[in-house]
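**Q** Mind looking over this structure? Questions follow.
Read-outs: derived from the displayed coordinates by stated rules, not from any lab. This structure is a prediction, so every number in the text was calculated from the model and none was measured. Cβ placement follows ideal geometry from the backbone for every residue including glycine, while neighbour counts extend to all protein chains displayed.
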Amino acid sequence: MSKKDIKVALIGNPNTGKTSLFNQLTGLTQKVGNYPGVTVDKKQGSCKLSATQNAVITDLPGTYSINPTSVDESIVLKTLLKKDIKESPDVILVVADVENLKRNLLLFSQIKDLEIPTVLAINMVDQMTRKGISIDLTALKEELNTEVVLISARKNQGIEAVKAAIIKCHVAAKATPMCDNKKIDPAYFEELKAINPNYTLYELWLMVTQKNFPEEISKQEKEKLLSFNKDVSKLKKYQHKETIYRYQEINKILKNTYLVDKSKAKDLRAKLDKVFTHRIFGYFIFLLVLLLIFQSIFDWSSLPMDLIDTTFAELSDFARSNLPTGVLSDLIVEGIIPGIGGVIIFIPQIAILFLFIAVLEETGYMSRVVFLMDKIMRRFGMNGKSIIPLISGTACAIPAIMATRTISSWKERLITILVVPFTTCSARLPVYAILISLIIPDTKIFGFYNLQAFTLLMLYALGFGTAILAAYILQKTLKIKSNSFFVVEMPNYKLPSVKNVLFDVLEKTKAFVLGAGKIILALSVVLWFLASNGPESYKNAEQNTIEKVANKNLGTDELQQKIAAVKLENSYIGIMGKSIEPAIRPLGYDWKIGIALITSFAAREVFVGTLATIYSVGSDDENTTTIKEKMRSEINPATGKKIFNFPAGMSLLVFYAFAMQCMATLAIVKRETKTWKWPLIQLFGMTGLAYVCSLIVFQILK
Amino acid sequence: MNTIASLHIGEMGYISEESLDSIPLKLLEMGCLPGAEVQLVQIAPLKDPLYICVNGSHLAIRKETASKIRILKSE
Ligand SMILES: Nc1nc2c(ncn2[C@@H]2O[C@H](COP(=O)(O)OP(=O)(O)OP(=O)(O)O)[C@@H](O)[C@H]2O)c(=O)[nH]1
Ligand SMILES: [Mg+2]
């Protein structure tokens, strides 16, 4: 970013297409969704406005006014009130929805009063004829005293005009207020303005109402400002009056410039709402949607997953026979290839999940779900809006926890954050998938529903049910006072934009694979090292074993296997696994699974990769079989039975359903709650619960 | 006393001037103004929240809030 670059901030009501416009301007892609409040943090990108002029564009969360009621909205206020030159925007690009221009102009009028150069982009003009709307652009420009551009971010129309308007507005650097609060109570606002003439009246008013002071404000001035804050009811009354006054001004302006011919408007909304929010069909459809998602995750992905699994096994084989023998080849064949395979294999399932979530958000259906679920969620100390984090938590807990920012009540938000990690995120999927395929037969129930898919569904239900139950307990025990206020906009139904959905799926899958991939790759190298090195007993393993079995007359193959097993047991990782074995034996696990449990505290998905690495090191097979086959044939030397039998498998499934095994989530919870208290409670509470439940399951089934 | 909560599905009313103080600021800002026409579009299956249309905005609000906003029913 060079000094000359214009800093542009995108501001507007939720769901008006700011992110779509941001994508068009910057060419960067980020999440766009038809659920109000999808952008919950600011995001930057750069844009070439003309041959000589660049701009740095910031995309902000949507807000209805500058007065924030939730964390995402307060980000906008903070950006606007920041007076230091580096951060504050030069030009504000207000994005408005053509269909609801009146309400969109309220925020516009507030921003105008901050006296920052402003461009108004009226978006979704492709909908104008369908809705019977006509606009007198020249008159509107004049009335608002602002550059106004009609655009369609989706159809890529008017983007060049936006760029030109930004430059024009920046050069002119003119900024005039739109409303004058002095009209509400002249004496009161005169006195306020007198405190510091360097600030606009509206800025001073915001400092009073929001108690948000720039650093440059002196102590004296601050005290004066705070004295305005004493009479709370008066303050509140004036805020109400101000809003009404703003709407009066807006109505005056729009009266002659913005016309709606209702007779021409065609609207599907009412008909669709009748079905989607119906007291019976509404829930029924929601349930069907969920069922469809889970069925597809299992059905559509099994083929590509098997393919990936065998491909990586073959790749290992190929590498083994073509690379010279040595330490480095061992690392590649036994550490890196199985490790990477362990990540790649989740791609199909994760992509399908993200695809469904993106489509649900794009179409506007999510808001209907919020509407349907609010009353139910409230009984459990949450909010209708909590359903979004709970659903997107099935993909990944991190964006889900970020999504709670739209919930304005702190208690409801905190409870949602605390229980989200119980929902089955996609990192659990590979663990579930491999365990289910080992212990549940591949048969059909009720004639059509796959038993394995049904088990998976039950695991999702278990996660969701536990989340709800935990929320209920938290609601009863947490002593936090915060008033619960709820209002959700119901956006129009839209056909999902294929581009938005595809970008979304691509971007999220990429982020997930790269993020998880790095951890898995690093861990698999560390693991491989720990598994192929050890103290004295490791180095002597070969010699000792040969001596021990000398009289047993074993074939070379058998002997090699025996040696490999003893080696693994005496390696560093083997010693670590062995040392926790007493604690996990009652759950039905051996020390090898213990190793996988230890490593998967970094991230759950490491489980499969870890076992893959351990078993490739452990078996000295010339032919690399797939991970699944290796796990299936594992025998517990103590009992002579299969390790992954039904009781142990079930116990592991339960353990993974409850345990808090994701460092990234803990870090995000710390950031969002601003203390280590809550992530630590999650870590110990959830893992303790996991231990107890797995113990019960194994002891009953055994 | 008539409030938004006492409307039937499809029915309309005007928000009365005297309820100004009991409308939360956020709702005012979203267009729920005294004098504005309001229609009850849908009631959620468990009788709460309510789905209303006011001043061109389609909003879902809780019954608790709705029952504080007085209206004059239109004939
Ligand atoms: N018809 C039409 N739809 C559009 C247009 N621009 C955006 N949309 C759709 O509007 C919805 C919301 O777009 P976003 O870009 O996520 O809106 P936003 O303002 O960033 O939303 P928040 O981040 O939630 O405040 C998506 O479904 C887009 O496909 C447009 O010009 N015409
Ligand atoms: Mg956005």
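**Q** Positive end of the charge dipole of chain A (Lys, Arg +1 and Asp, Glu -1 on Cβ, about the Cα centre): tell me which of A:LEU140, A:ILE573, A:ASN540 has its Cα farthest that way.
**A** A:LEU140
**Q** Taking the C-alpha atoms of segment A:363-433, how large are the radius of gyration and the largest Cα-Cα span, Dmax, in Å?
**A** 12.1, 37
**Q** Moving on to the next point. Highest mean first, what order results for A:113-125, A:133-145, A:571-583 on Cβ atoms within 10 Å? Let's see the in-between values first.
**A** Details: A:113-125: 23.1, A:133-145: 15.4, A:571-583: 17.8.
Averaged packing, sorted descending, gives the order A:113-125, A:571-583, A:133-145.
**Q** Taking amide hydrogens as modeled 1.01 Å from N in the peptide plane, which residues meet the under 5 Å criterion relative to A:ILE122, leaving out close sequence neighbours?
**A** Distant-sequence amide H within range of A:ILE122: A:ALA96, A:VAL149, A:LEU150, A:ILE151.
**Q** If you don't mind, there's one more thing I want to ask. Calculated FRET efficiency, A:ILE580 and A:GLU629, Cβ-Cβ r, R0 30 Å, to nearest 0.05? Don't jump to the answer; show the numbers that get you there.
**A** Working: r = 27 Å, r/R0 = 0.88.
Here the calculated transfer efficiency is 0.70.
**Q** Separate question: Using the count of nearby Cβ atoms within 10 Å as a rough guide to exposure, how do A:PHE607, A:PHE601 rank from fewest to most? Please list the in-between numbers first.
**A** Numbers: A:PHE607 25, A:PHE601 16.
Sorted ascending by nearby Cβ count, the order is A:PHE601, A:PHE607.
**Q** I've got another one for you. Let me know the charge dipole size of segment B:4-73 about its Cα centre in debye, to the nearest 20, where only the beta-carbon of Lys, Arg (+1) and Asp, Glu (-1) is charged.
**A** Approximately 220 debye in magnitude.
**Q** Counting pairwise Cα distances across segment A:484-583, what percent come out greater than 21 angstrom? Numbers along the way, then the final one.
**A** Values: 3158 of 4950 pairs.
In whole percent, the share of Cα-Cα pairs in segment A:484-583 beyond 21 Å is 64.
**Q** So who's got an amide H within less than 5 Å of the one on B:VAL41, skipping anything under 5 residues away but keeping other chains? H placed 1.01 Å off N, in plane.
**A** Residues meeting the amide H criterion: B:GLY10, B:TYR51, B:ILE52, B:CYS53.
**Q** When a footprinting reagent is the concern and you count Cβ atoms within 10 Å, what order do A:TRP205, A:TRP678 take, fewest first?
**A** Values: A:TRP205 23, A:TRP678 17.
Ordered from fewest to most neighbouring Cβ atoms within 10 Å, A:TRP205, A:TRP678 come out as A:TRP678, A:TRP205.
**Q** For the pair A:ASN251 and A:LYS236, how long in nm is the line joining their label points, each one 7 Å along Cα→Cβ?
**A** 2.4
**Q** Here is a further query. What length, rounded to one decimal in nm, is gained on full extension from A:ALA164 through to A:ALA511, with 0.36 nm per residue of separation minus their alpha-carbon distance? Don't skip to the answer; put the middle values down first.
**A** Numbers: separation 347, 0.36 × 347 = 124.92 nm, distance 3.42 nm.
Between A:ALA164 and A:ALA511, full extension yields an extra 121.5 nm.
**Q** Hey, rough spin-label estimate for B:GLU64 and A:LYS155, points 7 angstrom out along Cα→Cβ, what's it come to in nanometres?
**A** 4.4
**Q** Another question about this same structure. Apply the Karplus curve 6.51 cos²θ - 1.76 cosθ + 1.60, θ = phi - 60°, to the phi angles in segment A:437-446 and return the couplings in whole Hz, x for Gly and Pro.
**A** Result, ordered by residue: 5, 7, 10, 10, x, 8, 10, 9, 10, 6 Hz.
**Q** Using every alpha carbon pair in segment A:416-490, what percent of pairs falls into each 10 Å bin from 0 up to the bin containing the largest distance?
**A** Per 10 Å bin, starting at 0, the Cα pair percentages come out as 16, 32, 27, 16, 9, 0.
**Q** Another question, if that's okay. If the viscosity is 0.692 mPa s and the temperature 37 °C, what Stokes-Einstein diffusion coefficient in µm²/s follows for the protein assembly as shown when Rh is the Kirkwood radius over Cα pairs?
**A** Details: Rh = 29.2 Å.
It diffuses with D of about 112 µm²/s by this estimate.
**Q** Oh, and also: Counting each pair of different Cα atoms once, what's the Kirkwood radius of segment A:161-299 in Å, rounded to one decimal? Please report the intermediate quantities before stating the final value.
**A** Details: mean 1/r = 0.0484 Å⁻¹.
Here the Kirkwood hydrodynamic radius works out to 20.7 Å.
**Q** Using bins 5 angstrom wide from zero, how does P(r) for segment A:6-172 break down, in % of all Cα pairs?
**A** So the P(r) values, bin by bin, are 2, 9, 19, 25, 23, 15, 7, 1, 0.
**Q** Ok, one more. Considering only segment A:6-172, what is the antiparallel percent among its DSSP beta bridges, to the nearest 5?
**A** Working: 7 of 27 bridges.
If we restrict to bridges inside segment A:6-172, about 25 percent are antiparallel.
**Q** Next up: Hey, what do the phi angles of segment A:600-609 turn into as Karplus ³J(HN,Hα) couplings, whole Hz, using 6.51/-1.76/1.60 and θ = phi - 60°, x for Gly and Pro?
**A** Coupling constants for segment A:600-609: 7, 6, 6, 6, 4, 4, 5, 3, 5, x Hz.
**Q** Continuing with this model, one more query. Quick one: 3J(HN,Hα) in Hz for segment A:10-18, Karplus 6.51/-1.76/1.60 with θ = phi - 60°, rounded, Gly and Pro as x.
**A** Couplings: 8, 10, x, 4, x, 6, 9, x, 4 Hz.
**Q** Could you pull out every residue, at least 5 positions away or on a different chain, whose amide H is within less than 5 Å of the one on A:ASN54? Hs are placed 1.01 Å off N in the peptide plane, and Pro or chain starts have none.
**A** For A:ASN54, the qualifying residues are A:ILE6, A:LEU49.
**Q** Still on this model: Taking the alpha carbon gyration tensor of chain B, what are the square roots of 5 times its eigenvalues, largest first, to the nearest whole Å? Working shown, then result.
**A** Working: eigenvalues 52, 35, 27 Å².
The answer is 16, 13, 12 Å, longest axis first.
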